[in-house]
Amino acid sequence: MKRSDLEKLSKDELIDIILVLQEQIQTMALKIAELEARLNMNSKNSSMPPSNDMWRKPQSRRQKTGKKPGGQLGHKGHGLKITREPDKTIQLKPQICKQCNNTNIKDTNGTVIDHRYKIDVKIQTQLTQYNQVELVCPVCKTTNTAQYPQDITSRVQYGEGVKAISVLFTHYAMVSYDKTQKILNDVFDIPIGVGTIVNHVCEFAVKSEPVLNEITAQLKDSEILHLDETGVYVGGGLQWLHTASASEATYITVHPHRGQVGTDDNGVLKEFTGTAVHDCWNPYFKYEQCRHALCNAHLLRELLGVVENTGQVWASQMLAFLRESRQIVDRYKEANQDVLPVDCRERFAEQYIQILLLGEQENPLVVGVWKRSKVRCLLDRFIDYPGEVCRFMNDFRVPFDNNLAERDIRNVKVKQKVSGGFRCAQGAKNFGKISSIIGTALKQKTSAFNAVSGIITGTTTSLFQNIPD
């Protein structure tokens, strides 16, 4: 609009134009702030995964302790140790006396003053031939033929070691099927096809069912259960990997749905009565037979994003409150205490309420506006679930975060980086089964190779021998 046109307008008309422009400016300012906050999001201040950080890796926000880098005073070392007798010993003796130059001393008795070790591997493929012998009885002249062992069913076949390596390479080391075939051929001199490796994986998945049933039973009886889900590509479409984890076991399933239907398919949470730790995904709260605890690591990241993008005081205070309470709880745990003192709990409760009151002042609800901002949604989460947020303060068995479940599903992201996803639903389900077996074996301090080969041969029927009844 030209200046001459504005001069012709009345005062009331100019006021109306100014009000309209103010409303547009306010709308654009909110949109700009939202876009800037979105650009500032990364894996350190939001729920974004680290893979989405791309080339802009956020700086570490780890608080400095003032300690020097490296092992601290009193730290128990975990260097390379020799745990068995050497297979071969070489005596290093001097041949000629360094003083005389001509005296041969190699046959002289000496004393071992030091020793060093070299750990190496010798790869040897074993080929066993079974000769079926026929004998004629010298008395009755009956022809007797020996029977092959039950596991020898073909003229040429692969043993449990080859099958176990096939499973571990493809589902533990996350090596592609094609490269696994090349490694077995080049390193082990085993002629094998990709299709045969796939068959070995499927065979193991079927044989692992009894052990998987034991894993789910163990998880249902545990005190603390960690839950999480993440997307995986199956047959070109998106499906969801669900995990139910504890310190002693892991159980992973894949389902087309993320919500309660997928969690029911996993099966563990339906009969669980302990404390379920998760990331506040709403379908988990539909299981009312158990208590719930929220992952405070997620809350810390979102609070940090609010502080960086808006500077709101309540978020800064809640951030400091959670960090301080965690440190205090850790100190009481180290002192072998089971609960916080009453005065400490009362102080925490009052401090929590005061922070929420401040948050409501900074983020008032607008009458007639049903859509809430992300900051208000985060504040409402603290308002609606105070017991779940502070569960780790009132029950020392409950961890501060849900990192255990996140670690258990990390391998599927590596798998996706290698292969891009799964071609069929059965392949994804097999991945869940095998990851459950390997993850549980590692938590039980059991060799993954021994666990897998034992299940293939049928000699391993349980992974929980070390757990008392």
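Only one entry of Ala425, Ala405 meets the criterion of being closer than 24 Å to Leu227 by Cβ, in contact (Cβ under 8 Å) with a residue 24 or more places away in the chain and more than 13 Å from the chain's Cα centre (by Cα), and that entry is Ala425. Output the number of residues of segment 8-33 satisfying the condition of being open to solvent by 90 Å² or more (accessible area, probe 1.4 Å) and either within 23 Å of Glu308 (Cβ to Cβ) or polar (S, T, N, Q) (or both). Residues that pass the stated criteria total 7. Summed over segment 68-88, residues that are under 27 Å from Asp120 (Cα atoms) and either among the aliphatic types (A, V, I, L, M) or open to solvent by less than 100 Å² (accessible area, probe 1.4 Å) (or both) total 5. Return the pair list, or none, for Cβ contacts closer than 6 Å from residues in segment 432-448 that are closer than 15 Å to Ser247 by Cβ to residues that are open to solvent by 20 Å² or more (accessible area, probe 1.4 Å) and assigned to a loop (DSSP other than H, G, I, E, B), at least 6 apart or on different chains. Here the result reads Lys443/Glu248, each pair linking segment 432-448 to a residue that is open to solvent by 20 Å² or more (accessible area, probe 1.4 Å) and assigned to a loop (DSSP other than H, G, I, E, B). Scanning segment 451-465 for residues that are assigned to a helix (DSSP H, G or I) and either over 26 Å from Val234 (Cβ atoms) or free of Cβ contacts under 8 Å to residues at least 24 places away in the same chain (or both) yields Ala451, Ser453, Gly454, Thr457. I'm trying to understand the selection: among the residues of segment 184-206, which are free of Cβ contacts under 8 Å to residues at least 60 places away in the same chain, within 27 Å of Leu463 (Cβ to Cβ) and either open to solvent by 50 Å² or more (accessible area, probe 1.4 Å) or not polar (S, T, N, Q) (or both)? The answer is Leu184, Ile197, Val198, Asn199, His200, Val206. Being in contact (Cβ under 8 Å) with a residue 12 or more places away in the chain, closer than 30 Å to Ser436 by Cβ, part of a loop (DSSP other than H, G, I, E, B) and open to solvent by 80 Å² or more (accessible area, probe 1.4 Å) is a condition met by no residue of segment 102-116. Scanning segment 169-182 for residues that are surrounded by fewer than 16 Cβ atoms within 10 Å (Cβ to Cβ) and more than 23 Å from Thr440 (Cβ to Cβ) yields Ser176, Asp178, Lys179, Lys182.
Filter segment 227-246 down to the residues that are open to solvent by 50 Å² or more (accessible area, probe 1.4 Å) and in contact with a Lys or Arg (Cβ under 7 Å, 6 or more places away or on another chain), then identify the one that is modelled with the highest pLDDT.
Going through the qualifying residues, I end up with Trp240.
Across segment 274-302, the qualifying residues are those that are within 18 Å of Asn402 (Cα to Cα) and among the polar types (S, T, N, Q), and the one among them that is surrounded by the fewest Cβ atoms within 10 Å (Cβ to Cβ) is Asn282. Counting only helices (runs of 4 or more DSSP H) that sit wholly inside segment 341-450, those with at least 1 residues that are basic (Lys, Arg) and surrounded by fewer than 19 Cβ atoms within 10 Å (Cβ to Cβ) are 342-362, 374-384, 403-408, 410-419, 425-443. Counting only residues that are of a type in the set (Asp, Glu) and either in a helix (DSSP H, G or I) or on the phi > 0 side of the Ramachandran plot (or both), how many does segment 127-169 have? Adding up the residues that qualify gives 1.
One line per residue, one yes/no per condition, for (1) part of a strand (DSSP E or B); (2) of a type in the set (A, V, I, L, M, F, W, C); (3) without any contact (Cβ under 8 Å) to a residue 40 or more places away in the chain; (4) touching a helix residue (DSSP H, G or I) at 6+ places or on another chain (Cβ under 9 Å):
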residue: Trp240; (1), (2), (3), (4): yes, yes, yes, yes
residue: Val254; (1), (2), (3), (4): yes, yes, no, yes
residue: Asp264; (1), (2), (3), (4): no, no, yes, yes
residue: Val277; (1), (2), (3), (4): yes, yes, no, yes
residue: Gly305; (1), (2), (3), (4): no, no, no, yes
residue: Trp314; (1), (2), (3), (4): no, yes, no, yes
residue: Ala320; (1), (2), (3), (4): no, yes, yes, no
residue: Val329; (1), (2), (3), (4): no, yes, no, yes
residue: Lys333; (1), (2), (3), (4): no, no, no, no
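Restricting attention to segment 207-226, which residues are of a type in the set (A, V, I, L, M), crowded, with 21+ Cβ neighbours inside 10 Å and closer than 17 Å to Tyr287 by Cβ? Those that are of a type in the set (A, V, I, L, M), crowded, with 21+ Cβ neighbours inside 10 Å and closer than 17 Å to Tyr287 by Cβ: Leu219, Leu225.
The values are calculated or read from the model by the stated rules, or taken from the named source; none is laboratory data. Note that this is a predicted model, so its numbers are computed, not measured. Cβ atoms come from the backbone with ideal geometry, glycine included; neighbour counts cover every protein chain shown. Side chains are part of the model used for accessible areas, which takes the heavy atoms of the whole protein and leaves out ligands, DNA and RNA. Shrake-Rupley method; radii C 1.70, N 1.55, O 1.52, S 1.80 Å.
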